[in-house]
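The values are calculated or read from the model by the stated rules, or taken from the named source; none is laboratory data. What you are looking at is a predicted structure, and each value in this text was computed from that prediction instead of being measured. Glycine also receives a Cβ, built like all others from the backbone with ideal geometry; neighbour counts cover every protein chain displayed. For accessibility, only protein heavy atoms count, side chains too; no ligands or nucleic acids. Shrake-Rupley method; radii C 1.70, N 1.55, O 1.52, S 1.80 Å.
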Amino acid sequence: MSKVEAAALELKKRNSSVKVEPLCVFVDEKSAEKAVKDADLVVDCLDTLSSKYALNRACIEHKKALVFGSALEEYGMVSVFKPWVSACVECVYPNLSDEGLPTCATAGVLPQLVQLVGSIMAAQAVKQILGQNTLLDTLLFIDLKDASFEKVSLLRNPNCPAHLGLPLSYKNEVTEMCTRNGRRLLMLKLENPPKIEEALTKLSQNSVNAKLVGTQVLSFVDEQGSRFSYTSAGVLLAEISEVYSTIDEAKLVVERVSRMLN
Ligand SMILES: [Zn+2]
């Protein structure tokens, strides 16, 4: 089952009157636009910078308030942007790329920090709906190393690539995510992603026996025990077998499977 389908089920379980529409998409410029345009409020719970940039751009374009959050190691940040009026995510973090940035896979993240950042973001989302702007254009910096909270005022950056309308660049590369079941988890957004049914056919032509989990995900295991999920968003996720100890070996495993699907 995809993450969004599982989240939708959990939300329905907690509140049966809530209406949930799960969208299984990889957030890039095109999909962000679609997801954002009819929303009243956007909450960024994404874990790659390229997707955060794409969501931010869509919020500028469609004049949507954005609740932003991030968490890594022992440090977290929460802010609220009305980016068509003032500062945006790229005013604060311009010209960065996921490649080379630390991630929770390489640097780790304190689980308590994730809960804290998530709770503050949820509170900010409610405040926005009530018209209260407590963190607008303000970055709340959380440091659990010395248990401190600090607020920093944000201004629009005159060199902001988003506000200058400069194009976003996105490379389809294998990215290491947080570990899953104690194994390396790698992700790749395919360049020419097949639909789920086509992917099933392509895999079976390569003697791979995949099965459909829920409606949006194909799941399969290779001979060395690496587990793969291919989602209708065109994303391949691989839980790499312990047989492969280096990141380069792990990337080769993902690239081999992606060639079957591309
Ligand atoms: Zn900006």
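If you take the Cα Rg of the chain and divide it by 2.2 N^0.38 Å, with N the number of residues, what do you get?
That works out to 1.06 for the chain.
Could you work out the local net charge near D146, counting Lys and Arg as +1, Asp and Glu as -1, over the other residues with Cβ closer than 15 Å to its Cβ? Present the calculation step by step, with values, prior to reporting the outcome.
Values: positive: K145; negative: E73, E74, D143, E150.
Every neighbour counted, the sum reads -3.
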| request: Pull out the extension gain between K3 and E197, defined as 0.36 nm times the separation in residues minus the alpha carbon to alpha carbon distance; nm, one decimal. | output: 67.9 nm
| said: Let me check I've understood the local charge: for T48, count other residues with C-beta under 15 angstrom from its C-beta, Lys and Arg +1, Asp and Glu -1. What total comes out? | reply: -4
| query | Can you list the trypsin sites (Lys or Arg not before Pro) in region 1-57 that are in a DSSP coil and have 13 or fewer other beta carbons within 10 angstrom? | reply | K19, K37
| query | Please identify the chymotrypsin sites (Phe, Trp or Tyr not before Pro) of region 154-242 that satisfy two criteria: DSSP loop assignment and at most 13 other Cβ atoms within 10 Å. Which are they? | reply | none
| query | Extension gain E150-L96, at 0.36 nm per residue separation less the Cα-Cα distance, in nm? | reply | 17.1 nm
| request: Among L41, L55, V89, pick out the residue whose Cα is farthest towards the positive end of the charge dipole of region 29-153, where Lys and Arg carry +1 and Asp and Glu carry -1 on C-beta, about the Cα centre. | output: L41
| said: With n ≥ 4 as the cut-off for DSSP H runs, can you work out [θ] at 222 nm for the chain, using -39500 (n - 2.57) per run divided by the number of residues, rounded to the nearest 500? | reply: -9500 deg cm²/dmol
| request: Quick one: check the C-alpha center-to-center distance for region 1-25 versus region 124-167, whole angstrom. | output: 28 Å
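Mind ordering 88-96, 132-140, 149-157 by average Cβ neighbours within 10 Å, highest first?
Ranked from most to least packed, the peptides come out as 88-96, 132-140, 149-157.
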| Alpha carbon centroid spacing (whole Å) that separates region 195-209 from region 31-106 | 34 Å
| message | Once neighbouring chains are kept in place and the probe is 1.4 Å, which whole percent of the accessible area of the chain is contributed by carbon and sulfur? | response | 53 percent
